[in-house]
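J.: The structure under discussion is supplied below as structure tokens; questions concerning it will follow.
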Amino acid sequence: MAQQTLLRNARVIDCISKQPRDGVSILIRGERIVKVDARIDAGADTDVIDCTGKTLMPGLIDTHVHATMVDEIDLQLFLGAGVTTARDVGGKLEKVIALRGRVNSGAVLGPRLFVCGPLLDGRGDSFDHQGEFGIMLDNVPDVAAAPGKINQLLGAGVDGIKLYFSMTPDIVEACIKAVDKRVPVTGHLGRTTALEAVNLGIDGIEHMWITPYNDICPIEMRLTPDISMSSPRFSKTTFKGWEEADLHGPGAQALFGAMVEKQVKMGTTLDLLWLANIGLEAALADTDRIYIPQACLNRQRHLAKIVKAGPEWDIHTGFPPGKGDKALDKQKEAVRILHEAGGVVVGGTDCCGVAYPPPGFALLREVELLADAIGNMAALKAVTAAAASALRMEDQLGTLAPGRYADILVLGKDPSQDVRSLRSLERVYRAGVAHDPQAILAGYPARDMNNLGMA
Ligand SMILES: [Zn+2]
């Protein structure tokens, strides 16, 4: 094998410049990019690959996945879709650390993994500890327990901390203090408002819709301590409240203003509302459904039995598909407001927890929904450069420049013109190693589409 690879004469979206540049070449040595330039003298011992007519861009980053909830074979779907990095924001500590080791060493085919360890709940449990999602949970039951738990996780080598739904502001504060900026802290919170968390110094807010829900929904519709994440009332209540949310009122203004000032990253997960918006028939025609992992399908079947409604692969069991158009539009509007005010929008999908969205392909959907809200280039940056900043890896990932990891997509069409062109993926490099997406996807087990119907 040659020492170097030269990708020659491409259109390059480096996710630094405002526009793509034509006639640019990229030189890869080992796992890094060494040069991005119009003219590169390849020299001896170089594989030269003509990329005339192709578009190159950084590999995509999904900032919100639950990788240990699927079989390891499903992780290759990320690469098949062009997702070269994923942040796991909730999983059993030993499992995520072990999985990160296997994937990052190349023993398992998948995206480079960053892990947060467990969802850190507060006094109460957001899910039944014995149930489907309970394996992801851990607790910080009071302020005094925060330093011990945080130091345990950081000692185990987590890349970030994820605070969860039942955590109250006093414990959120204690956890953020205990982390002391050593890793980024993000949260999907319910008992603490997004504004409180931002003022306490959190680095990221997951879900443009769920976490700031209590900040902007009408007061009489707020989530109260008796509504848990696993309660059938949760989806119904939050959908209604979110549809009524005031994105321009004082609560929203205070939140967006504080997020812009502190550059707090907003994880989007628009794709979670896509299914509720699109309707059952269109969802059944969606070709990405064949990539729903079996483990997710099994979990969702069980969940559907508990709430007794909706198709078994629908995340929003209890909310009719096709009735969520206002909720999705509202979430896009919230993304647009934050982006236009100078805030940081980072793409994430929540894939692998529930059936929809499927690994990797969910981020392609996310980019399409983001592009509706903030345009093509900003949407592409939300899943590359901005997403890398949420991992504090902006000098390593998410852009095409010398010194960065050679995580590069080779596309047949230019996604800055239409982000759906991310689906024209011809080759994907992770750390300088080339993978053929068609070969990856061809090896994925065929699925009986008829078995993905109604519960
Ligand atoms: Zn999640």
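The values are calculated or read from the model by the stated rules, or taken from the named source; none is laboratory data. Note that the structure is predicted; figures quoted are calculated from it, not measured. Methodologically, a virtual Cβ is constructed for each residue, glycine included, from the backbone with ideal geometry; neighbour enumeration extends over all protein chains shown. Side chains included, ligands, DNA and RNA excluded: accessible areas come from the protein's heavy atoms. Shrake-Rupley method; radii C 1.70, N 1.55, O 1.52, S 1.80 Å.
J.: Among DSSP beta bridges whose residues both lie in the stretch 1-159, state the antiparallel percentage, nearest 5.
T.: Working: 11 of 29 bridges.
Antiparallel bridges make up about 40 percent of those DSSP assigns within the stretch 1-159.
J.: Still on this structure, I have one more. Can you tell me what share of the DSSP beta bridges in the chain is antiparallel? A percent to the nearest 5 is fine.
T.: Details: 23 of 55 bridges.
Of the beta bridges lying entirely in the chain, close to 40 percent run antiparallel.
J.: Restricting the count to DSSP beta bridges whose residues both fall in the stretch 1-64, what percent are antiparallel, rounded to a multiple of 5? It would help to have the intermediate numbers written out before the result.
T.: Values: 11 of 18 bridges.
Of those bridges, close to 60 percent are antiparallel.
J.: What order do you get for 57-69, 36-48 when each peptide is scored by the mean count of other beta carbon atoms within 10 Å, highest first?
T.: Going by the mean number of other Cβ atoms within 10 Å, highest first, we get 57-69, 36-48.
J.: Checking a compactness column here: for the stretch 317-386, what do you get for Rg(Cα) / (2.2 N^0.38 Å), N being the number of residues? Walk me through the numbers before you get to the answer.
T.: On the way: Rg = 12.7 Å, N = 70, 2.2 N^0.38 = 11.1 Å.
Relative to the rule-of-thumb radius for its length, the stretch 317-386 sits at 1.15.
J.: Still on this model: Roughly how big is the chain's charge dipole about its Cα centre, with Cβ charges of +1 (Lys, Arg) and -1 (Asp, Glu), in debye to the nearest 20?
T.: About 440 debye.
J.: Under a plain spin-label model, where a point goes 7 Å from the Cα along Cα-to-Cβ, how far apart in nm are Ala107 and His302?
T.: Rounded to a tenth, the inter-label distance reads 2.6 nm.
J.: Moving on. Two decimals, Cα atoms only, Kirkwood Rh: what is Rg/Rh over the stretch 232-290?
T.: Working: Rg = 15.8 Å, Rh = 14.3 Å.
Ratio of gyration radius to Kirkwood radius: 1.10.
J.: Moving to a separate point now. Contact order normalised by length for the chain, with contacts defined as Cα pairs under 8 Å and 6 or more residues apart; what percent is it? Let's see the in-between values first.
T.: Details: 1068 pairs, mean separation 89.7, N = 455.
Relative contact order here is 20 percent.
J.: Which whole number in µm²/s is D for the stretch 59-398 by Stokes-Einstein, with the Kirkwood Rh taken over Cα pairs at 37 °C and 0.692 mPa s?
T.: Values: Rh = 19.5 Å.
Answer from the Stokes-Einstein relation: 168 µm²/s.
J.: Quick one: accessible area per residue over the chain, 1.4 Å probe, rounded to a whole number of Å²?
T.: On the way: 16980 Å² over 455 residues.
Accessible area per residue: 37 Å².
J.: Sorted from largest down, what three extents in whole angstroms do the Cα atoms of the stretch 81-221 have along their principal axes?
T.: Sorted from largest, the Cα extents of the stretch 81-221 read 51, 35, 32 Å.
J.: Can you send over the solvent-accessible area of Arg289, 1.4 Å probe, protein chains only, in Å² to the nearest 10?
T.: Rounded to the nearest 10, the figure is 0 Å².
J.: Can you find, among Gln253, Asn151, Pro359, the residue farthest towards the positive end of the dipole of the stretch 59-398? Put +1 on the C-beta of Lys and Arg, -1 on that of Asp and Glu.
T.: It is Asn151, whose Cα lies furthest towards the positive end.
J.: Calculate what fraction, in whole %, of the accessible area of the chain sits on carbon and sulfur atoms when a 1.4 Å probe is rolled over the protein chains. Walk me through the numbers on the way to the answer.
T.: Details: 8590 of 16980 Å².
Roughly 51 percent, rounded to a whole number.
J.: Still on this structure, I have one more. Let me see the P(r) profile for the stretch 19-140: every Cα-Cα distance counted, bins of 10 Å, each bin given as a percent of all pairs.
T.: Per 10 Å bin, starting at 0, the Cα pair percentages come out as 11, 32, 25, 18, 10, 5, 0.
J.: I would also like to ask the following. At 7 Å along Cα-to-Cβ for each site, give me the label-to-label distance between Ala42 and Asp418 in nm.
T.: Simple spin-label model gives 3.2 nm for this pair.
J.: Along Cα→Cβ, 7 Å out, is where each label goes; now give me the distance between the ones at Asp50 and Asp170 in nm to one decimal.
T.: 7.1 nm
J.: Continuing with the same structure: Which Rg and Dmax, in Å, describe the Cα atoms of the stretch 192-290?
T.: Here Rg and the maximum Cα pair distance are 15.2, 45 Å.
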